[in-house]
Amino acid sequence: MAFQQFLNKIAPLAKLTKTELQLLSAPEHVWKAELSVSGKKYPAYRVQFNSARGPYKGGIRFHPEVNEEEVTNLAFWMSLKTAVADLPLGGAKGGVRINPKDLTPKEIEKLSRAYIRAFYQHLGSQQDVPAPDVYTTPQIMAWMLDEYETLTGKKDPGMITGKPLEAGGSKVRDIATALGGVYVLEEAVKKIGLSSKKVAIQGFGNAGSNMANLLWKAGYTIAAVSDSQGAIYSASGLSIDRVLSVKEKTGQVSLVPGVTAITNDQLLELAVDILIPSALSGVITKKNASQVKAKIILELANGPTTQEADEILQTKKILVIPDILANSGGVTVSCFEWQQNLAQESWTEVEIKNRLKEKLVGAFLQLWKKYSAAKYDFRTAAYLYAINKILAAERQRGFKP
Ligand code: GLU
């Protein structure tokens, strides 16, 4: 599996003992089920990777490519992500192998409830706390909470995050992934003294569209954006309010009038300063990495860069801000939502934004210090930092390295 390859590569740098490597090489639990909706069966998973730092945490995705290996890899990265942002949580991930676009809203509700019926004994605010991920929404979280509380017979709003505000959700959670990305990016821009701020954003889902909007409002030039159906480019910058309204009406950014249509591949190779992959994994590959011209890559998606591509980007001295830091704003505000639910509180928007900024700027500066003092790249610095935090918690609990 990809995460095991990665661990083997990083083990000598992290000076992992054999027992430590063994501990990190397998998830604590893998739960599997088959969900039935309208006479069809869909494989479903919940992989709980590591809980040394707290209850398991991580999203559930509904996607046709979901499989046990992918969910396990993502559960591993979640464990690292919560450690980097210093959240008192572990790492998990869930998924159902399905194309939700083939389902009616009623069937999606049935699927969401079936997921909880299959796994509810392993979930809970002190056990494992799911959240949205690819193609899952606040509405889905509300159905899941409802099913969980019906089955267990007690209220536990902190058993899932990313809920609608009316059902115990948190302010700012809707834009949290993107906002966290902005805070981290602003620090990186300062550190490398980037004066021109031309941006290309690949993906226009929750993370990508909010990122485009926030950066545009902050004065960045958004030269290109894309969705699964195509990409658009304007040398002088796109008006993101127009792109958002066309996307909302038609579902396609490429129907924006008066801009140049390009392909998703061309977008990745544009002469911009900042490239932000915000969709699925594995888009920056050994085929296109040598053509990337950006000075900073901010990984708003999970795992957008393959390992071979990463090595090419390193030789080109491109600063890659890895997913486990760049997109950790989502899980950070999820953690705030969980804390509000447990304490039966409701924090203000300003309070949440301040806390998010403090967490992510703090994490960035901490990692920058390590990166500047070491011989390796920023991604490696982030991964080593996270692994050491998990192992420190394991040792405190009695694990003998
Ligand atoms: N699915 C998001 C992620 O990959 C959010 C997870 C969460 O909020 O728990 O980070």
Original post:
Within the group Leu103, Leu111, which residue is out of contact with any Gly (no Cβ under 9 Å at 6 or more places or on another chain) and buried (at least 20 other Cβ atoms within 10 Å of the Cβ)?
Top reply: Leu111
Original post:
Residues of the stretch 348-379 being closer than 20 Å to Gly180 by Cα, basic (Lys, Arg) and open to solvent by 80 Å² or more (accessible area, probe 1.4 Å), which ones?
Top reply: Arg355, Lys357, Lys369
**OP:** Answer with yes or no whether Pro132 is over 23 Å from Ala26 (Cβ atoms), within 16 Å of the ligand (Cβ to nearest atom) and touching a residue at least 40 places away in the same chain (Cβ under 8 Å).
**Re:** yes
**OP:** Test Leu325 against the criterion of being out of contact with any helix residue (DSSP H, G or I) (no Cβ under 8 Å at 6 or more places or on another chain) and either open to solvent by 20 Å² or more (accessible area, probe 1.4 Å) or in contact (Cβ under 8 Å) with a residue 60 or more places away in the chain (or both), and give yes or no.
**Re:** no
Subject >> Any helices (runs of 4 or more DSSP H) falling wholly within the stretch 240-332 and containing at least 1 residues that are β-branched (Val, Ile, Thr) >> reply: 240-250, 307-315, 323-326
**OP:** Among the numbered conditions (1) of a type in the set (Phe, Trp, Tyr); (2) touching a strand residue (DSSP E or B) at 6+ places or on another chain (Cβ under 8 Å); (3) within 16 Å of the ligand (Cβ to nearest atom), tell me where Tyr233 comes up short.
**Re:** (3)
Original post:
Identify, please: which residue in the stretch 304-337 is of a type in the set (Gly, Ala, Ser) and within 10 Å of the ligand (Cβ to nearest atom) and is, among those, farthest from Leu267 (Cα to Cα)?
Top reply: Ser334
Original post:
Which of the residues that make up the stretch 226-241 are buried (at least 24 other Cβ atoms within 10 Å of the Cβ) and either acidic (Asp, Glu) or in contact (Cβ under 8 Å) with a residue 40 or more places away in the chain (or both)?
Top reply: Ser226
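For (1) touching a strand residue (DSSP E or B) at 6+ places or on another chain (Cβ under 7 Å); (2) among the hydroxyl-bearing types (Ser, Thr, Tyr); (3) within 16 Å of the ligand (Cβ to nearest atom); (4) touching a residue at least 24 places away in the same chain (Cβ under 8 Å), each residue gets a yes or a no:
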| site | (1), (2), (3), (4) |
| --- | --- |
| Ile98 | yes, no, no, yes |
| Tyr115 | yes, yes, yes, yes |
| Phe119 | yes, no, yes, yes |
| Pro164 | no, no, yes, yes |
| Ala167 | no, no, yes, yes |
| Leu179 | no, no, yes, yes |
| Val184 | yes, no, yes, yes |
Original post:
Is there a residue being open to solvent by 10 Å² or more (accessible area, probe 1.4 Å) and within 18 Å of Glu186 (Cα to Cα) anywhere in the stretch 380-395?
Top reply: no
Original post:
Among (1) open to solvent by 10 Å² or more (accessible area, probe 1.4 Å); (2) over 30 Å from Leu7 (Cα atoms); (3) of a type outside the set (Lys, Arg); (4) within 16 Å of the ligand (Cβ to nearest atom), where does Glu345 come up short?
Top reply: (4)
Subject >> Residue that is among the β-branched types (Val, Ile, Thr), open to solvent by 60 Å² or more (accessible area, probe 1.4 Å), farther than 22 Å from Asp133 by Cβ and out of contact with any Leu (no Cβ under 6 Å at 6 or more places or on another chain), where the choices are Thr250, Thr285 >> reply: Thr250
Subject >> Single residue of the stretch 51-81 satisfying the filter (among the β-branched types (Val, Ile, Thr) and surrounded by 23 or more Cβ atoms within 10 Å (Cβ to Cβ)) that is nearest to Met141 (Cα to Cα) >> reply: Ile60
**OP:** Identify the single condition in (1) crowded, with 18+ Cβ neighbours inside 10 Å; (2) modelled with pLDDT of 95 or more; (3) more than 10 Å from the ligand (Cβ to nearest atom); (4) of a type in the set (Ser, Thr, Tyr) that Ser290 does not satisfy, given that it satisfies every other one.
**Re:** (1)
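The values are calculated or read from the model by the stated rules, or taken from the named source; none is laboratory data. Since this is a predicted model, take the numbers as computed values, not measurements. Reconstructed Cβ throughout: ideal geometry from the backbone, glycine too, with neighbour counts over all protein chains shown. Side chains are part of the model used for accessible areas, which takes the heavy atoms of the whole protein and leaves out ligands, DNA and RNA. Shrake-Rupley method; radii C 1.70, N 1.55, O 1.52, S 1.80 Å.
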